[in-house]
Amino acid sequence: MRDVAVIGVGCTKFGEHWERSFRDLFVEAGALALEDAQLSGEKIDAMYVGNMSAGRFIEQEHIGALIADYAGMATRHIPSTRVEAACASGGLAFRQAVIAVASGMEDIVVAAGVEKMTDVEPGETTDALTGAADREWEGFVGATFPGLYAMIATDYMHKYHMTREQLAQVAVKNHFNGARNPIAQYQQEITLDTVMKSTMVAEPLRLFDCSPITDGAAAVIVAPLDRAREFTDTPIKVLATAQASDTIALHDRRDISTLDATVAAGQWAFKMAKLTHKDIDMVEVHDCFSIAEICAIEDLGFCKKGTAGKFTADGETALGGKIPVNTSGGLKACGHPVGATGIKQVFEIVQQLRGDAGRRQVDGAKIGMTHNVGGTGATVAVHILGRV
Amino acid sequence: MTVARFWRKIPQRYNLIGTKCETCGRHFFPPRTFCPDCRRTGKIVDHKFSGKGTVVTYTVIQTAPDQFISPGPYVLAIIRLDEGPQMTTQIICDPKEAKIGMRVKSTFRKIATDGESGIIHYGTKFVPVE
Ligand SMILES: [Zn+2]
């Protein structure tokens, strides 16, 4: 296997882009990534595109070809492949691009992610997202996505006695970071009160425990590490790529509030990179709901099971803490265009490793991690990236 | 959802008919036609569940999707059936009564209507056992 590096990254602003189409969004992200790598489109050998549900959101399938076409690749006929794993689609697209380059099959590969969620009514969006769980035996009996994560929260709080206020600190911290990220959907800080007084969605989760509905696209370009300096002075090496699966339904899990796929992917990634959690300077985790960040930092090994509430309330996951988590603002504040999220996580870590993260920069960042979840944990992708 | 898609699972949804692996004795609800433990040596047969179980975790859904009969709030739970498997279901009770460890039994109720066709889907919900 060849070593692989990220040579360019680009991301649109995340938010509600009423005036912009699906095509506009991914063309912008792709162009930003090419510009960042000072690369012309003719050098691209292949594309992988993470997208969860364009079929439901904009009634468009066949996304791989569409994107290649509007990115100006149609006459070059390069392979372009859509990758789908619900909210982990972006993470898997990145992994496929890395594997393509590592294998020697391709040299310069684009990994992109895009989702246009605001072209349908909110009810339709919610229903489409339920397709990331078990439609037949969860969705059909009345489970919603917030409802499933709420059941994780109930189980967790019952077992480990985390307080509601500790859980709310996840959202407060992520909004603090989002306020320092120019691409974030929400760039306002919030208080504990904002979370605690927001509308109840599914007990114990309130509106400010939930990530929003977002339009956005992100793209990164990977290349063999030994060619990376042709394109950039600051190549970022892919130290590990890992992907794990679990039962599609939450009710079939060994433990409701442990994502075993996160545990597995995390362990495999650390083994591949020959690193431990102590080597990680910052991590982007999949906080689709506040409770998801709590579980993630435990399941990845950053703190012991049952302690993440206190760990968060003590500021250990904030900028300047032991392990800054979601410096981008996470899904909560930066936004969650589902197929794009996994690529945006790589975008954020690359910015941190290059020292380009501005007011949310982690001092001396050398190694970062991304953690992208599909559904309630049926698919997990973990990547470790490092400065060279 | 088409009528066929719901009708196909009527025995399972109406009567809690799942499956059981005769090789290892493990029960499955929702039903599986392949035993993940025994794989090719598994022998799957239908099994009618007793309909008794215990609440593992729950939530109170405040805003329900359009098609559900109870617009909310309603109690959504994962329960462990006495035979072993866990399933997601609604529990018909005062949301304040719901708690982990609560004993419940199955009952036959309306679950949802299909917006355009107006077809009512029935299925299993659970109620607390005194
Ligand atoms: Zn068996």
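Brief remarks on what is shown
Residue by residue, here is whether (1) modelled with pLDDT of 95 or more; (2) touching a strand residue (DSSP E or B) at 6+ places or on another chain (Cβ under 9 Å); (3) of a type outside the set (Phe, Trp, Tyr) holds:
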residue: A:His158; (1), (2), (3): yes, yes, yes
residue: A:Leu167; (1), (2), (3): yes, yes, yes
residue: A:Thr191; (1), (2), (3): yes, no, yes
residue: A:Met196; (1), (2), (3): yes, yes, yes
residue: A:Phe208; (1), (2), (3): yes, no, no
residue: A:Asp215; (1), (2), (3): yes, yes, yes
residue: A:Val222; (1), (2), (3): yes, yes, yes
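- Among the numbered conditions (1) part of a loop (DSSP other than H, G, I, E, B); (2) open to solvent by 60 Å² or more (accessible area, probe 1.4 Å), the only one that A:Glu35 does not meet is (1).
- Of all residues in segment A:297-329, those satisfying the criterion of being assigned to a helix (DSSP H, G or I) and over 21 Å from A:Ala265 (Cα atoms) are A:Gly309, A:Lys310, A:Phe311, A:Thr312, A:Ala313.
- Residues of segment A:98-137 that turn out to be within 14 Å of another protein chain (Cβ to nearest Cβ), in a loop (DSSP other than H, G, I, E, B) and under 19 Å from the mean Cα position of the chain (by Cα), as a count: 2
- The residue that is farthest from the ligand (Cβ to nearest atom), among those in segment B:18-38 that are aromatic (Phe, Trp, Tyr) and in a loop (DSSP other than H, G, I, E, B), is B:Phe29.
- Filter result (outside the structural domain of A:Phe145 (by TED's automatic domain parsing) and over 23 Å from the mean Cα position of the chain (by Cα)) within segment A:200-232: A:Pro224, A:Leu225, A:Asp226, A:Arg227, A:Ala228, A:Arg229, A:Glu230, A:Phe231, A:Thr232
- Selection status of A:Gly55, open to solvent by 10 Å² or more (accessible area, probe 1.4 Å) and more than 30 Å from A:Ala261 (Cα to Cα): no
- Being surrounded by 23 or more Cβ atoms within 10 Å (Cβ to Cβ) and either without any contact (Cβ under 8 Å) to a residue 24 or more places away in the chain or within 23 Å of A:Thr341 (Cβ to Cβ) (or both) is a property that A:Leu300 has.
- Residue in segment A:214-270 that is least open to solvent (accessible area, probe 1.4 Å), counting only those that are under 27 Å from A:Gly335 (Cβ atoms) and of a type in the set (D, E, K, R): A:Asp215
- Failed item in (1) open to solvent by less than 10 Å² (accessible area, probe 1.4 Å); (2) over 20 Å from the mean Cα position of the chain (by Cα), with A:Glu293 passing the rest: (2)
- The residues in segment A:1-27 that are part of a helix (DSSP H, G or I) and in contact with a helix residue (DSSP H, G or I) (Cβ under 7 Å, 6 or more places away or on another chain) can be counted, and the count is 4.
- Enumeration of residues in segment A:161-192 that are among the charged types (D, E, K, R), under 13 Å from A:Ala318 (Cβ atoms) and part of a helix (DSSP H, G or I): A:Lys173
- Taking (1) crowded, with 24+ Cβ neighbours inside 10 Å; (2) over 19 Å from the mean Cα position of the chain (by Cα); (3) not charged (D, E, K, R) in turn, A:Ile78 satisfies each apart from (1).
- Flag for A:Pro146 being touching a Cys at 6+ places or on another chain (Cβ under 6 Å), of a type outside the set (S, T, N, Q) and within 13 Å of chain B (Cβ to nearest Cβ): yes
- Number of residues in segment A:314-335 that are open to solvent by less than 10 Å² (accessible area, probe 1.4 Å) and under 16 Å from the mean Cα position of the chain (by Cα): the value is 11.
- Residue that is among the aromatic types (Phe, Trp, Tyr), modelled with pLDDT of 95 or more and open to solvent by less than 50 Å² (accessible area, probe 1.4 Å), where the choices are B:Phe49, B:Phe68: B:Phe49
- Take the conditions (1) modelled with pLDDT of 95 or more; (2) touching a helix residue (DSSP H, G or I) at 6+ places or on another chain (Cβ under 9 Å); (3) more than 16 Å from the ligand (Cβ to nearest atom); B:Lys9 misses just one of them, which is (1).
- Test result for A:Lys332, closer than 23 Å to A:Leu167 by Cα and not in a helix (DSSP H, G or I): no
- Looking across segment A:341-356, the residues that are over 15 Å from A:Pro182 (Cβ atoms) and in contact (Cβ under 8 Å) with a residue 12 or more places away in the chain come down to A:Thr341, A:Gly342, A:Ile343, A:Gln345, A:Val346, A:Ile349, A:Val350, A:Leu353, A:Arg354.
- Restricting segment B:39-62 to residues that are outside any loop (DSSP other than H, G, I, E, B) and farther than 29 Å from A:Ala202 by Cα, the residue that is farthest from the ligand (Cβ to nearest atom): B:Lys48
- So A:Ala168, is it within 25 Å of A:Thr379 (Cβ to Cβ) and either crowded, with 24+ Cβ neighbours inside 10 Å or more than 14 Å from chain B (Cβ to nearest Cβ) (or both): no
- Test: residue in segment A:346-360 that is under 18 Å from A:Ala88 (Cα atoms) and touching a His at 6+ places or on another chain (Cβ under 7 Å): yes
- All conditions but one from (1) open to solvent by less than 10 Å² (accessible area, probe 1.4 Å); (2) within 24 Å of A:Ile213 (Cβ to Cβ); (3) over 19 Å from the mean Cα position of the chain (by Cα); (4) not polar (S, T, N, Q) apply to A:Phe140; the one that does not is (1).
- Selected residue (criterion: surrounded by the fewest Cβ atoms within 10 Å (Cβ to Cβ)) from residues of segment A:198-213 that are at the interface with chain B (Cβ under 9 Å from one of its Cβ atoms) and not aliphatic (A, V, I, L, M): A:Thr199
The values are calculated or read from the model by the stated rules, or taken from the named source; none is laboratory data. This is a predicted model, so every value here is computed, not measured. Using ideal geometry, Cβ is built from the backbone for each residue, glycine included, and neighbour counts are taken over all protein chains shown. Please note that ligands, DNA and RNA were not included when accessible areas were found on the heavy atoms of the full protein model with its side chains. Shrake-Rupley method; radii C 1.70, N 1.55, O 1.52, S 1.80 Å.
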